[in-house]
1. From Cα pairs below 8 angstrom and at least 6 apart in sequence, can you work out the relative contact order of segment B:27-165, rounded to a whole percent?
2. So what is log10(I(q)/I(0)) for segment B:346-488 at q = 0.19, 0.21 1/Å, when the Debye sum runs over its Cα atoms only?
3. Label-point separation (nm) for B:LYS528 and A:ALA30, each offset 7 Å from Cα along Cα-to-Cβ?
4. Using the C-alpha gyration tensor of segment C:165-216, what are the square roots of 5 times its eigenvalues, in whole angstrom, with the largest one first?
5. Return the residues of segment B:134-177 for which accessible area with all protein chains present is lower than in the chain on its own by 50 Å² or more; set the probe to 1.4 Å and exclude ligands, DNA and RNA.
6. Can you give me the angle between helix B:264-278 and the longest principal axis of chain B, using Cα atoms only, in degrees from 0 to 90, rounded to the nearest 10?
7. So what is the calculated 222 nm ellipticity per residue for chain B, using -39500 (n - 2.57) for each DSSP H run with n of 4 or more, over all residues, to the nearest 500 deg cm²/dmol?
8. So, taking all protein chains as they sit and a 1.4 Å probe, how much accessible area belongs to B:LYS196, in Å² rounded to tens?
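The values are calculated or read from the model by the stated rules, or taken from the named source; none is laboratory data. Quick caveat, the model's predicted, so the values are computed rather than measured. Quick reminder, even Gly has a Cβ in these numbers, built from the backbone with ideal geometry, and neighbours come from all protein chains shown. All accessible areas refer to the heavy atoms of the entire protein, side chains included, with ligands and DNA or RNA removed. Shrake-Rupley method; radii C 1.70, N 1.55, O 1.52, S 1.80 Å.
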Amino acid sequence: MSTQPSKPDNLKIIRRLLLTVVCMFAFGFALVPLYEVFCDLTGFNGRFTDGQAAANTKAVDTSRTINVQFVTRVNKGMPWGFEPEVRSVRVHPGETKVVNFLARNPTGGNMVAQAIPSVAPGEASLYLNKVECFCFNQQPLAAGTETAMPMQFYLDPEIPEHIHTVTLSYTMYDMTQNMTPDALAAIQPTAE
Amino acid sequence: MSTVVGEMDHHDHHHHAPSGITRWLFTTNHKDIGSLYLWFSFIMFLVGGAMAMVIRAELFQPGLQLVEPHFFNQMTTVHGLIMVFGAVMPAFTGLANWMIPMMIGAPDMALPRMNNWSFWILPFAFAILLASLFMEGGGPAFGWTFYAPLSTTYSSDSTALFVFSVHIMGISSIMGAINVIVTIMNMRAPGMTYMKMPLFVWTWFITAFLLIAVMPVLAGAVTMVLTDKYFGTSFFDAAGGGDPVMFQHIFWFFGHPEVYIMILPSFGIVSAIIPAFSRKQLFGYASMVYATAAIAGLSFLVWAHHMFTTGMPVFAELFFMYCTMLISVPTGVKVFNWVATMWRGSITFEPPMMFALAFVILFTIGGFSGLMLAITPVDFQYHDTYFVVAHFHYVLVSGAIFSIMAAAYYWLPKWTGHMYDMGLAKLHFWASLISVNVLFFPMHFAGLAGMPRRIPDYSIQFADINQIVSIGGFAFGLSQLIFLWLVIKCVRGGEKAPAKPWEGAEGLEWTVPSPAPYHTFDTPPEVK
Amino acid sequence: MSIKLISALVAMAPVAAQARSQLNLTQGVTDISQRVYDLHMTIFYICCVIGVVVFGAMFWSMIRHRKSKGRKPATFHENVKVEIAWTVIPFLILIGMAIPATSTLIAMEDTSEAEVTVLVTGSQWKWHYKYFDTDVEYFSLLATPRQQIENKLDKGENYLLEVDRPLVIPTGKKVRFLITSDDVIHSWWVPDFAVKKDANPGMINEAWTKVDEPGIYRGQCAELCGKDHGFMPVVVIAKEPAEYDAWMAEQVAAKQRAEEEEQRLLAMSMDMDEAMELGERVYVGSCAACHQANGEGIPGVFPALKGSDMALNDMQGHIDIVVNGKTGTSMQAFGNQLTMQEIAAVVTYERNAWGNDTGDLVQAADINAFMNE
């Protein structure tokens, strides 16, 4: 047709638009790591990278005391017992504390679990540093045994004045089905 | 003018339209494809409407009467999906196909073969979606928003079909959008500068960019749902380090622009019709264009207002609340411009104008409830109640659908070459207007009084309201059959329509005869 | 046309303004809910005023500027001053709305210094409450009988808004809710407190309230959570602190008694009729939502128990799935929700009802043996 514009011109636009489509599809997936970075930076949703914090070198601020509560849950469909040794501790910002969590596998089979942390208020997650935590790794537990799992943490003295209570929640998820039978069979009862 | 027509007749002799089913299967003609889209969307409108009738029949009285809750959830889910992706969006694409080339003086869409595909994959998408309802375990039952993990770990196996069909819908929309953009950029008649384009073309141009930007994100979201359910990934599974709330962020990043995709072309339609029947030029053309662009831009910054209750830090809630409130400024500008267009005009009330005026009022009411919903502290009370259902049905049914009806009444003579039955059209209008308000207005009260959405049964305090709503629903559903009858009648015959049946209408589409010849503007018109 | 439209709108307006309790948002029973209500009404009235102005201008021109009155159209089509005005004025109105909204929001999100903390967990389709710092925890299930839902009995006053064990909170104290979920997303909503927070699996959300009036407050799950989303209400009873303390002491004592009772029941055995009777009760309360009252389940979603291999043959597997649940499905671990006697009864029921005539009779001691093996 006489008025058909020159082809390359169309192609150029189409190519750019298709590139945009591909980029936006990739962007959809890129939102996953972006979201994580965003959550880490802002404490959004009380999620935080469960990385190991550096050992505590902060000065202790004895002028303030913050109540740290522990909430433990096991996901439904999982029969483990999972409790903190204490329900809450009072700490000064900058002070390092160790809290033990007890896990019990009442079933007749070896199991592996993963604890997923969450902090409320979300903002507090920015100031909660874990030096050592069972939640960094999966927890194997032999049939019918129990174990004490330590968690060592301190609150950054920079923590905002208006935060008086920090709740740290762990939800235990069953990871057994992701394990090979050999790996499961190799789980030994812990020395304790 | 006469030479242009002669030229087209001449062409018609060389390009005979094939007849029968192959004409429709293999057509690359924008008018044929436009018609296919419009008929398809109307069929989907009736199918989705039938599901709404099931929902309203179950909710007619408290207690479970007709369907069990699992099926009820499938109905709400598939009703939503069909109305959004099967009725409203294809109807707009159909209008774009028919009207954009004729409005900008182009002989066809820029990419006619792709145009054919983008339509013909759609029926397959919806056949798959509807077929999933008959699978063991039923079709998708997690709401059209398919929040994880209800749509992943806890869904039935039809989820794979749902994902596949959404992918096809997305591909279709993206192809349609590419076509619109290339057509508008490259096929405008000489002299048709961007700032001379009719607003319908402008709003569709912006809508097409929104589609390109967000449909791939939806594709990403459904893909993640698929891999989470079947391939062991944990994007949204807390057990594997994922986060179900992230699903909502990704979904609404698509979802909010999506709601503007469903309303911007309406703005274009109304901006064509109100000046035509007020016999007065559109007030503030340039500000209309900028307002549309502003709405589109802001739509990327407000997604989390759908998620205030998910537990966000205060600063995020405030940010999304302010951005959302801000959207009412450009939207308000549009409404004020329409009123100013009517002001001191010479108004007549033909069916397109009636629907356009109802659109302005009812859409504005939907806008008011939208503004109320934007206020985070009160949104905690409104969220996930019938107040929200009332809000988005006001903007989508008495907004988007009414504008599509207005467009159909405006351009039907151009499409069919016949005038339609004015009496029937007015009956359709009044029946729709009254029933749509009986249907959706009381929902505001149900929501404020505390009735959650997506429930198959409710406490007795909501019984009266639901009965009224259901009656309105049945009446609205039946009223649409009047429209079907009217269109069939108009296609089959009627008073011969002149090239320009509306006295005040402006635009190139009215310079060609009615019905528009199979090929128009083979020789580009001169636009001054 | 225009007159009809006006009269329709006028007819609707008083309905919205008058009715407080039935048709409008509740004012609630807390300071926050009152502030939310005031904010709601303020914005509603602002919208009404804008509506009157805009629609008024529109109807004015629809009536006065019509062709049938011989109007000739004017030719103006832009006016920069007017356009700037109707951009700036709405903006100022918005700022006026944003100020009270912001202060209310900040007050709502201040969860610090609560005196009582309750962990609220949603699961398909019930709520679980656990009082922090105590051992008191329980599930709260819909108490409306199936027959009312199926229209076989008249519906009660609190149809679908009644539970077997409501949450109890003290009046006059700040109560903090930590909200989470066991499976899909739920949303815990009590309109009278203006509290609605999503329960997200793996995450805890915070909300709080301070109720001054003792009373019973009802709400519902507000986020689609599957089949019985419409059947998991929230009921909260606010009691005077002294009454609350007495109630709490009673709960602690009752828990102790239940544990002793459990030990005593272990030694006892039920006969078949007793087991079937108790089993049916437990089944209707805990199992029928998914597996259906007739044991046939929902094909493709919830497996049938009637005629199933597990219910007919695999006794250990059957006890295991009831006690420990099944990961990655809606099947929960009932080991810590039901007593051993109840589990024994419901397993017995499932193995003998609907033509599953295995004749197996399971005793609490069997469950105890299984759980401690």
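1. Result for segment B:27-165 is 32 percent.
2. The calculated log intensity ratios at q = 0.19, 0.21 Å⁻¹ are -1.06, -1.20.
3. 4.9
4. Taking √(5λ) for each Cα gyration eigenvalue gives 22, 11, 10 Å.
5. For segment B:134-177, once contacts with the other chains are taken into account, B:LEU150, B:TYR154 lose 50 Å² or more.
6. Here the helix axis deviates by roughly 50 degrees.
7. After summing the helix terms and dividing by residue count, I get -22000 deg cm²/dmol.
8. 100
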